[in-house]
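K.L.:
Below are the structure tokens for one structure; questions will follow.
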């Protein structure tokens, strides 16, 4: 199975890639995880890499890539992390599942904002992949 994450600059997609790799590593299923940006930045913020390492996420080879650097048309699952670009990401019939999660871009590259980004993606991806159930309102 191939899972891909896409956002505008590639930063949120990289975090989603790292979180997903760790979430799925013990399932015993062959899963390849990719990330890309429509307009990728040159690099990830160093503080973000530090925070991911602190939380035990894999960061080796993690950098913002353009779509052409991932096997986009061979993905089984595509997750778009940005409402702003969801209509700009090509629909490919070979994608068995396509999801859009709106995850806000950090307002600044500060520790609190980057920690919020990581925790938001952890929560959203656990829900998306069925590791957690959504909270019921009024329960």
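Values in this text are rule-based calculations from the coordinates and carry no lab data. Note that the structure is predicted; figures quoted are calculated from it, not measured. As a convention, Cβ positions derive from the backbone with ideal geometry for all residues, glycine included, and neighbour counts pool all protein chains shown.
K.L.:
Per q in 0.10, 0.17, 0.22 Å⁻¹, report the Debye log10 I(q)/I(0) for the chain, using one uniform scatterer on each alpha carbon and no solvent.
P.N.:
Computed log10 I(q)/I(0) values: -0.30, -0.91, -1.51.
K.L.:
Assuming R0 = 30 Å, can you tell me the calculated FRET efficiency for the pair residue 41 and residue 93, based on Cβ-Cβ distance, to the nearest 0.05?
P.N.:
Efficiency, from the Cβ-Cβ distance: 0.50.
K.L.:
Can you give the extra length, in nm with one decimal, that the chain gains between residue 102 and residue 127 once fully stretched, where that is 0.36 nm per residue apart less the Cα-Cα distance?
P.N.:
Length gained between residue 102 and residue 127: 7.7 nm.
K.L.:
Top mean-square fluctuation among 92, 80, 33, Gaussian network model of the chain, C-alpha springs under 10 Å?
P.N.:
Checking each option, the largest mean-square fluctuation is seen for 92.
K.L.:
Can you give the calculated 222 nm mean residue ellipticity of the chain, where each DSSP H run of n ≥ 4 adds -39,500 (n - 2.57) and the sum is split over every residue, rounded to the nearest 500 deg cm²/dmol?
P.N.:
-9500 deg cm²/dmol
K.L.:
Could you list 131, 91 so that the one with the fewest beta carbons within 10 Å of its beta carbon is first and the one with the most is last?
P.N.:
Exposure proxy ranking, most exposed first: 91, 131.
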